[in-house]
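Please read the structure below before turning to the comments.
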Amino acid sequence: MKNFLSVAASGLEHAVFEKTLGWPSNSTMSILRFAALHEVPIYVVKSANLNTALAEIDLPANIETSMRNAVNSGRIVITPKEQLLIGEWNGIGYIVLDPVTGAAGYLINGGNAGGKQAFEPMDLQETNTTWLDDVANIGDAIVDGALYGEHSDRAWDDPLLQGLNDGTTFVSDLFFVGDLRNLSITGYNAIFEDGEWSDVALAGIGFVPLYDMGKAGYKVADGYFDTVGLTSVKSGLDQVSSRSDQLLANLSKNGSVESFGLQTLDGGWKSGVTQASRNGMGYTNITLQDGDAYVRSLGLDPGNLSNANKGLIGEKASQMYAKSQNLSCYFCDGDPSANGIDNIYKDSNGNFIIEESKFVSGSGNAGLSGLSSPADGRQLTENYLFGRNKDGGALSRTSGLSPSQKDEIRNALNNGKVKTRYTVVKDRHAGAGVTQGLTKHPDLGVGGSSQIGEIVIIELPLKN
């Protein structure tokens, strides 16, 4: 009965948009039904057939990784063989089922839970800002909503602040000043930032008050459907953090939550591992249960950390997670204060993984601000790592690597065996993800010439 109600609820989710707003939309069940009607094979992936099924399924690597993690944690995955083109919408919908409890997640495009419409309105906000104090934040939330509305590059740690920001955005949209703001921002983005002219058209329609009310209704419904069905994720986060509601809300808002699992990392550290994505860029958020204990295990005082200490924490936490992935340390003795490479790992396929690790205080997303831009180019780009003629760069500046090791890595680059990883270590549980700017960067973002291979965010709360 419970599974029947879940299936029925998923089937109704896309109808909310179609019946109330007239927008074409999809739910997990409608996607599976479409696949069956068009003779696209549907796989039931279990531990017994995991490798065989994933070898036949043709889906983006980050989604297949999420499915593998789900099955490895005891779940069953029900999925079409490939992404589907339904009207103007292109994506995938699948079910992650717990065979013991019957609980299930109905996921779209690798993580959007519930109905998702094909019509793409203006972007929702990103996540998080640093707390100063209650009064300042209330004013900040209101001013941000009035000046930037839904185009703001921020969201809030506290539901009250988020509500004030959303409310101010909605009220200002009802008046001429909000519509003029939206038109100005979208117009600027379209002309100077390679934005979409469809967003300019939507901003123009916003001068009609009924559209503003419909858009607000969509945001409320979309926020609900992005979190409903993720109860198993929340239950897992409850075991490692007292802020599970906030973490789940931020991870969902910041992107698409694809999978979650509890994992004991190298050294015995209990953590929650969330796979998510934003704008097609996947990332992993690690919620370490006891950050204080971890920092003390390094012989450091969590309440008295120098910049050098923070750099060391970033390096060690990055290495801890890499070892938990069975990566071997090829070079893990880098100096965090030096202008070279932090860590280099090797995987079981012989790929070199070059990592840049950062310790960043606060609750903001992992973005471009953490990656500096020296003369060779921004950190983690190919020019930065190897030089413009592939004979210099950070690799040549890294002490501790022999000339033969450096030649080995350059040869691996020529053979397509070098990957990159950006690891950000944070001092609080915030549910951080990646920024809009990083996903769209022409070099490091999606489809860029030096697209980052993997992004890892490790959150270890300190009680200082």
Query raised in the report: Can you pull out the residues in region 353-406 that are under 21 Å from His441 (Cβ atoms), surrounded by fewer than 21 Cβ atoms within 10 Å (Cβ to Cβ) and polar (S, T, N, Q)?
Result: Ser369, Ser372, Ser373, Asn383
Report task. Could you tell me which numbered condition Ser449 fails, if it satisfies all but one of (1) in contact with a helix residue (DSSP H, G or I) (Cβ under 8 Å, 6 or more places away or on another chain); (2) surrounded by 15 or more Cβ atoms within 10 Å (Cβ to Cβ)? Result -> (2)
Query raised in the report: Just for region 236-251: of the residues that are open to solvent by less than 30 Å² (accessible area, probe 1.4 Å) and free of Cβ contacts under 8 Å to residues at least 40 places away in the same chain, which one is farthest from Val96 (Cα to Cα)?
Result: Ser244
Requested in this report: From (1) touching a residue at least 24 places away in the same chain (Cβ under 8 Å); (2) not in a helix (DSSP H, G or I), pick out the condition that doesn't hold for Asp376.
Outcome: (1)
Query raised in the report: Which one of Asn279, Asn285 is at positive phi, polar (S, T, N, Q) and touching a residue at least 24 places away in the same chain (Cβ under 8 Å)?
Result: Asn279
Report task. From Leu174, Leu107, grab the single residue that is modelled with pLDDT of 75 or more, farther than 24 Å from Leu438 by Cα and either surrounded by fewer than 16 Cβ atoms within 10 Å (Cβ to Cβ) or under 19 Å from the mean Cα position of the chain (by Cα) (or both). Result -> Leu107
Query - Count of region 352-371 residues which are modelled with pLDDT of 80 or more and in contact with a Phe, Trp or Tyr (Cβ under 9 Å, 6 or more places away or on another chain) - result: 10
Report task. Go through region 388-397 residue by residue and tally those that are over 14 Å from Val418 (Cβ atoms) and not in a helix (DSSP H, G or I). Result -> 4
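The values are calculated or read from the model by the stated rules, or taken from the named source; none is laboratory data. Bear in mind the structure is a predicted one, so any value in this text is a computation, not a measurement. Note that each Cβ is placed from the backbone with ideal geometry, even for glycine, and that neighbours are counted across all protein chains shown. Heads up: the accessible areas ignore ligands, DNA and RNA and are worked out on the full protein's heavy atoms, side chains in. Shrake-Rupley method; radii C 1.70, N 1.55, O 1.52, S 1.80 Å.
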